[in-house]
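Structure record follows, encoded as structure tokens.
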Amino acid sequence: VRPWDWKQLGLERVSQRRLRSMHMPPNPVLIGRKYQEAMNANPGASYADIARQFGVNRISVCQYVTVVRRLPPALVRRISCETDPRAMRRLSLRKLLRIARLKSSSAKTVAFRRLSAVPFINEELLE
């Protein structure tokens, strides 16, 4: 029997996967609303002006604002209220942009339902 323990020495292995699963990914709708509010406050401002104000690039501002403007309001409200980190990982900016660029509102709703219907992966089994 050892008189010491790995935890006492601070050498315990920390699972990076577990740490990432506890971290809440950014919500694209909330970021897009922040940029949209800044654009509404400065009517003559371009995407580049807003990007300089927040320290990001112009393309990021354009993409986030596109998600907010082109998704149906019901979907925007649903995404903005999401608090589950696993669900937010599935609702990434890239996937939401793909949905936002669809032509009809019904196609966007169907694509969103299909995206949110994907079952969760049991992360405890992956460790």
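Within the stretch 77-96, the set of residues being of a type in the set (A, V, I, L, M, F, W, C) and over 23 Å from SER21 (Cα atoms) is empty. Screening PRO28 against (1) free of Cβ contacts under 8 Å to residues at least 12 places away in the same chain; (2) touching a Leu at 6+ places or on another chain (Cβ under 6 Å) leaves a single unmet condition, (1). Scanning the stretch 20-33 for residues that are more than 20 Å from PRO72 (Cβ to Cβ) and modelled with pLDDT of 95 or more gives no hits. Residues in the stretch 90-127 that are at pLDDT below 90, part of a loop (DSSP other than H, G, I, E, B) and of a type in the set (S, T, N, Q): ASN122 alone.
The values are calculated or read from the model by the stated rules, or taken from the named source; none is laboratory data. Note that this is a predicted model, so its numbers are computed, not measured. Cβ sites come from the backbone with ideal geometry, for glycine too, and all protein chains shown count toward neighbours.
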